Amino acid sequence: MNVYGSEGTAAPIPSPLRFAYGADPQQFGELYVPNGPGPHPVVLLIHGGFWRAPYDLTLMQGLAEDLAHNGIAAWNIEYRRVGDTGGGWPGTFQDVARAADYLRTLALPYALDLARVISVGHSAGGHLALWLAARPRLPRNSKLTVNSMPLPLSGVVSLAGASDLKHTWELNLGHGAAAELLRGSPASVPDRYMFASPAALLPLGLPQVLIHGDRDDRVPLVVSQEYVHKAAQHGDYTTLVALPRVDHFALIDPSSLAWAITMTHIQKLLVSS
């Protein structure tokens, strides 16, 4: 899938295009379109940061550029986080859902192949990438349901994802990040943990790859291990890639071996879809 110039060097990728999928300043995404006529497979990128406002989509820009150089369109999205007006429950989830569905608007003018779309997220973004795949299982009357026909995904890659919000709360990851996101504990707002956590919405019914370093001190490897175990019990097809001597942030370094391994799995998911 690599895109090269006439002398074998990587051809320059056009600057990303920014689009608003809503009226709030945080409701936008950056589209990286590969060279060539398309139709282009698409990776929907979701950054992490424990769902909190100080962290933004710049975390994923290097990955987006690398994807485009490899012939894959990247839709790097921003969304309201805890600390933003309207962020947290339910706005964060509504934003991510609307951003995904906005690909239908972008598909024709930018030659995007909506039959080959996968979500890729890091940390809290890994949770949201999995949650996007779980959206079809939400009740129609849920506050998180923004579209009766969510954009179908071909697969998901979770990079050190906080895939189980109840487990995240139990481990007190991010010093109470799950409780901040959902505005309560599993005991006080159980329905929110039911509809916002991918682990509670299993089976997702599509391929899922969870990539996690064994030296992660932000989201420990056991979170992905437990999720994969639960997914298997529900009959989902999941792959866990545990990377030795890899920390939390190596996964979003486009020059790292961890990202090269991730790219291999992304390409496999896109080819098989």
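Quick note: the coordinates plus some simple rules give every number you see, no bench work behind them. The model shown is predicted, which means the values in this text are computed figures rather than measured ones. Quick reminder, even Gly has a Cβ in these numbers, built from the backbone with ideal geometry, and neighbours come from all protein chains shown.
Which residue fluctuates most in the GNM of the chain (Cα springs below 10 Å): Ala64, Ala53, Ala178? Residue with maximal mean-square fluctuation among Ala64, Ala53, Ala178: Ala53.
Can you put His265, His234 in order of Cβ neighbours within 10 angstrom, beginning with the fewest?
On the way: His265 19, His234 13.
Least crowded to most crowded, the residues run His234, His265.
With no solvent and one point on each alpha carbon, what is the Debye value of log10 I(q)/I(0) for segment 122-273 at q = 0.11, 0.21 Å⁻¹? Each listed q corresponds, in turn, to -0.40, -1.38. Hey, in the GNM for the chain with a 10 angstrom Cα cutoff, which one of Pro37, Pro16, Pro152 fluctuates hardest? In the Gaussian network model the winner is Pro37. Cβ-Cβ distance of Asp56 and His175, R₀ of 22 Å, FRET efficiency by 1/(1 + (r/R0)^6): the value works out to about 0.65.
Computed from label points 7 Å out along Cα-Cβ, the spacing between Asp217 and Thr264 is 2.8 nm.
The slack between His234 and Arg104, meaning 0.36 nm per residue of separation minus the straight C-alpha distance, is 43.8 nm.
Let me spell out the model: positive unit charges on the Cβ of Lys and Arg, negative unit charges on the Cβ of Asp and Glu, origin at the Cα centre of the chain. What dipole size does that give, in debye rounded to 20?
Values: 19 positive and 22 negative charges, 147 e Å.
That gives a dipole near 700 debye.
Mean separation of Cα pairs under 8 Å and 6+ residues apart, divided by the residue count of segment 6-118: what relative contact order is that in percent? Mind dumping the intermediate values first?
Details: 206 pairs, mean separation 33.7, N = 113.
Computed value for segment 6-118: 30 percent relative contact order.
In plain terms, the chain is cut at each of the trypsin sites (Lys or Arg not before Pro) found in a DSSP loop with at most 12 other Cβ atoms within 10 Å, and the longest leftover piece is 1-139.
Using a Förster distance of 35 angstrom, determine the FRET efficiency expected from the C-beta separation of Ala23 and Ala111, and round it to 0.05.
Given R0 = 35 Å and the Cβ-Cβ separation, E is 0.80.
For segment 162-210, the relative contact order works out to 35 percent when only alpha carbon pairs closer than 8 Å and six or more residues apart are counted. The residues neighbouring Arg215, those whose beta-carbon lies less than 12 Å from its own, together hold a net charge of -2 under the Lys/Arg +1, Asp/Glu -1 convention.
For Lys166, a cut-off of 30 angstrom between C-alpha atoms picks up these lysines, skipping any fewer than 8 places away in its own chain: Lys143, Lys230. Dipole of the chain computed with +1 at Lys/Arg Cβ and -1 at Asp/Glu Cβ about the Cα centre; of Gly83, Met194, Ala160, farthest Cα towards the positive end is Met194. Given the options Val228, Val189, Val117, which has the most mean-square fluctuation in a GNM of the chain, springs set between C-alpha atoms less than 10 angstrom apart? With Cα springs under 10 Å in the chain, the top fluctuation among Val228, Val189, Val117 is at Val189.
Sorting Met263, Met60, Met194 from the fewest to the most surrounding beta carbons within 10 angstrom yields Met194, Met263, Met60.
Could you tell me whether segment 17-272 comes out rounded, prolate or oblate from its Cα gyration tensor? Rule is a ≥ b ≥ c as square roots of the eigenvalues, rounded for a/c under 1.5, then prolate if a/b exceeds b/c, otherwise oblate. Cα axes put segment 17-272 in the rounded bin.
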